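First comes the structure, then the notes that go with it.
FYI, it's all coordinate maths here, none of it is from the lab. All values derive from a computational prediction rather than experimental measurement. Cβ: placed from backbone, ideal geometry, glycine included. Neighbour counts: every protein chain shown.
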Amino acid sequence: MELVEIVILAVVIALVAVGLVGGLVVGSRKKKQLPPPPPSTPTITPPAEPQVGEEAETPRDEARRTIDEVGLPDATAPAEEVPVAEAPAPEAPALEVPEPTAGRLVRLRARLARSQNSLGKGLLTLLSRDNLDEDTWEEIEDTLLTADVGVAPTQELVERLRERVRVLGTRTPQELRTLLREELITLLGPDFDREVKTEGGAETPGVVMVVGVNGTGKTTTTGKLARVLVADGRSVVLGAADTFRAAAADQLQTWGERVGARTVRGPEGGDPASIAYDAVKEGIAEGADVVLVDTAGRLHTKTGLMDELGKVKRVVEKHGPLDEVLLVLDATTGQNGLVQARVFAEVVDITGIVLTKLDGTAKGGIVIAVQRELGVPVKLIGLGEGPDDLAPFEPGAFVDALIGD
C-alpha cells in the first residue's frame with residue numbers, strides 16, 4: 001500500500017513539474033515581441049509626362065498599333081535630302097571715298113610750313129640785313145647746307161642771290177620774298193614733268209613699279225598712291241611682290257580693299273617676279289587702268305637682292321614697257337638717302353621720286369638735292385600718316401610753304 005502511494009505521489013510530482021516548465025516557456029514567449037510580418041509589395045504607378053496646353057489632360061486609353069501594322073521606309077528609295085542653311089556671306093567693307101588730288105598740296109601747306117619754317121624764314125631774315133657782308137653770305141650757305149640742299153646747289157643759289165641783290169640795291173621785305181621764291185623755284189626745276197605716268201597701251205594697263213629700302217614707307221605709299229588714282233577715276237590692281245617682309249601683302253590688301261582695288265598676292269617667301277608678272281596679267285584680263293607693283297624693301301647693300309629687283313623689272317616688261325619706276329625715299333634720312341638713290345638708279349631706270357615723312361624732322365632741301373643727284377623729278381611727297389596725305393609735288397606751293405606769306 002505504501003508502495004502504491006509512493007508511485008502515485010511521484011506521478012503527481014512529475015505532472016506538477018511538467019506543468020511548471022511549460023508555464024515558464026509560454027510566459028517567456030509572451031514577453032518577446034515577434035517581428036512584424038513583411039509588408040506586401042506596393043503597386044507603383046509612374047507619373048505621366050508633363051504636357052502643354054490641350055495635352056496636359058489625364059492620358060486616355062488609346063488604340064495602339066502592333067509592329068506589323070507600322071509601315072517601314074523603302075530601303076531602296078533615295079534618302080530625302082535635308083536642306084542645309086548656308087551661312088550668311090560676310091558683308092563687304094564700305095568703300096572709302098578718297099580726297100580729290102587736285103590742290104591737295106595746297107590744303108596740306110600749313111602742315112608742311114610748320115616743319116620747314118627754319119629754311120625759308122632763316123633765309124629771309126639773313127637777306128633782310130642792312131649789310132650783307134661775307135659773314136652773312138656764309139651764314140646763308142650754312143642755312144642751305146643744314147637744310148640738306150647739297151653743296152653744288154647751295155653754291156649755285158648763293159651766287160645767283162648775290163648777283164640779284166647787288167643789282168636790286170634797296171630791298172623791301174616783299175622784294176626779298178619775291179626774289180627768294182623765284183630762285184628756289186628755279187632750283188627745284190619747274191620744267192620737270194611731274195605727272196605720274198599711268199596711261200599704258202591700247203590693250204595694256206599702265207604699270208608702275210614702286211621700289212625703295214626697308215622703312216621708307218614703300219608699301220604704305222603704294223596703298224596711298226592707289227587712293228590717288230582711284231580719286232582720279234582710275235581702276236587699280238595691286239601686286240604684292242614684297243614677299244620677304246611679314247604681313248606686307250596683308251597690309252597692301254587692306255589698303256586696296258578700302259577703295260575697291262584687288263590685290264594679287266602669293267605665298268610668303270614666294271618668287272616676287274612671278275607675283276609681279278601675275279599682277280600685270282590679271283590687270284590686262286580685267287581691263288584695269290593701272291597696275292601698281294610693290295617690291296620688297298631690301299637693304300641697298302645686298303647685291304644679290306638688288307639683282308633680283310632687276311629680275312622683277314625684266315619679267316614685268318614681258319607684258320610691255322614699264323610706265324613708271326618710283327623710288328620711295330625717307331626725307332628724314334637726308335644725304336644718306338642719296339646713297340640709296342644712286343644704287344637703285346644703277347639697277348632700274350628710276351623715273352620719279354616719292355619723298356615720305358617730309359612733315360617731320362625732314363629738311364626741305366632734300367627735294368633739291370635728290371633731283372640734282374638723279375636728274376629725275378620728285379613727283380609725290382608724303383606729309384603725314386593720314387590715308388590722303390600723299391600729294392603731287394608742286395614747286396610753287398612747296399616754296400610758298402617754305403618761306404611763308
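Write out the GluC sites (Glu not before Pro) in the stretch 346-405 meeting two conditions: DSSP loop, and at most 12 other Cβ atoms within 10 Å of their Cβ.
Passing sites in the stretch 346-405 are Glu385.
So what is the relative contact order of the stretch 249-379, in percent, for Cα pairs below 8 Å that sit 6 or more residues apart?
Dividing the mean separation by the residue count of the stretch 249-379 yields 19 percent.
With no solvent and one equal point scatterer per Cα, compute the Debye intensity ratio I(q)/I(0) for the stretch 108-235 at 0.19, 0.22 Å⁻¹ and report its log10, rounded to two decimals.
Log10 I(q)/I(0), no solvent term: -1.10, -1.35.
Multiply the residue gap between Leu15 and Glu286 by 0.36 nm, knock off their C-alpha separation, and tell me the result in nm, one decimal place.
That pair, Leu15 and Glu286, stretches by 84.2 nm at full extension.
Using a Förster distance of 56 Å, how high is the FRET efficiency between Ala94 and Val167, based on the Cβ-Cβ distance and rounded to 0.05?
0.40
What pairs in Lys224/Lys379; Lys281/Lys318; Lys313/Lys379; Lys224/Lys313; Lys197/Lys224; Lys224/Lys357 have C-alpha atoms more than 18 Å from each other?
Lys313/Lys379; Lys224/Lys313
What full-extension length gain, to one decimal in nm, is calculated for Glu203 and Glu175 as 0.36 nm per residue of separation minus the Cα-Cα distance?
So the extension gain works out to 4.8 nm.
For the stretch 240-341, what Kirkwood radius comes out of the mean inverse Cα-Cα distance, in Å?
Here the Kirkwood hydrodynamic radius works out to 14.6 Å.
Under a 5 Å amide H to amide H cut-off, with H placed in plane at 1.01 Å, what residues pair with Gly103 once short-range neighbours are removed?
Amide H neighbours of Gly103, under 5 Å, 5+ apart: none.
Per 0.36 nm of contour for each residue apart, how much would the distance between Glu5 and Val158 grow if the chain were fully extended, relative to their Cα-Cα spacing?
Residue separation times 0.36 nm, minus the Cα-Cα distance, leaves 37.4 nm.
Mind giving me the nanometre distance, one decimal, between the label points for Arg194 and Asn214, set 7 Å out from Cα along Cα→Cβ?
With each label point 7 Å from Cα toward Cβ, the separation is 3.3 nm.
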